[in-house]
Amino acid sequence: VQLVESGGGLVQAGGSLRLSCAASGGTFSSYHMGWFRQGPGQEREFVAAISRSGRNTALEDSVKGRFTISRDNANRAVYLQMNSLKPEDTAVYYCAADSGLLMYTHSGSYDYWGQGTQVTVSS
């Protein structure tokens with residue numbers, strides 16, 4: 001499956017962005033989907049995950065109450081709505097697909113990755 005992220009950009013602190021990830025190839029509804037991010041000089045970290053059906057989600061603690069993950073299996077897309085953005089949210093955000101049985105939050109479980117989209121939050 002091929003993944004292409006979009007929706008990144010420059011936003012002021014307190015603002016919002018909605019990231020999209022479009023999938024092609026494979027059977028989209030058979031993948032758990034995740035969002036990860038990598039800030040300057042930092043390791044890639046988990047942000048959010050959503051199960052195949054969309055019924056179950058997981059969020060990293062620092063984004064709970066601010067970010068929401070959703071998916072549209074009919075349109076083969078997953079979204080990350082980011083509100084109340086903070087400068088520490090600045091990173092390259094990656095979409096990823098996991099073909100495994102269970103939904104995981106660690107990057108090693110994910111089989112396919114997009115190229116990333118830059119999110120920059122100014123103070």
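When region 1-28 is filtered for residues that are under 16 Å from the mean Cα position of the chain (by Cα) and of a type in the set (Gly, Ala, Ser), the ones remaining, listed by number, are 6, 7, 8, 9, 16, 20, 22, 23. Checking 63, 4 one by one, the residue that is in contact with an Asp or Glu (Cβ under 9 Å, 6 or more places away or on another chain) and β-branched (Val, Ile, Thr) is 63 and no other. Filtering region 1-11 to residues that are under 17 Å from residue 63 (Cα atoms) and open to solvent by 50 Å² or more (accessible area, probe 1.4 Å) leaves nothing. Restricting 70, 62, 53 to those that are part of a loop (DSSP other than H, G, I, E, B), among the hydroxyl-bearing types (Ser, Thr, Tyr) and open to solvent by 30 Å² or more (accessible area, probe 1.4 Å) reduces the list to 53. Name the residues in region 73-110 that are within 17 Å of residue 3 (Cβ to Cβ), open to solvent by 40 Å² or more (accessible area, probe 1.4 Å), in contact (Cβ under 8 Å) with a residue 60 or more places away in the chain and not hydroxyl-bearing (Ser, Thr, Tyr), would you? Hit for region 73-110 is 103, nothing else. Being part of a strand (DSSP E or B), farther than 18 Å from residue 4 by Cα and either touching a strand residue (DSSP E or B) at 6+ places or on another chain (Cβ under 8 Å) or free of Cβ contacts under 8 Å to residues at least 40 places away in the same chain (or both), is that true of even one residue in region 22-31? Looking for residues that are part of a strand (DSSP E or B), farther than 18 Å from residue 4 by Cα and either touching a strand residue (DSSP E or B) at 6+ places or on another chain (Cβ under 8 Å) or free of Cβ contacts under 8 Å to residues at least 40 places away in the same chain (or both), one finds none in region 22-31, hence no. Of all residues in region 75-106, those satisfying the criterion of being aliphatic (A, V, I, L, M) and outside any loop (DSSP other than H, G, I, E, B) are 77, 78, 80, 82, 91, 92, 96, 97.
The values are calculated or read from the model by the stated rules, or taken from the named source; none is laboratory data. These figures come from a predicted structure and were not determined experimentally. Ideal geometry is used to build each Cβ from the backbone, glycine not excepted, and the neighbour counts take in all protein chains shown. These area figures cover heavy atoms from the full protein model, side chains too; ligands, DNA and RNA do not enter into them. Shrake-Rupley method; radii C 1.70, N 1.55, O 1.52, S 1.80 Å.
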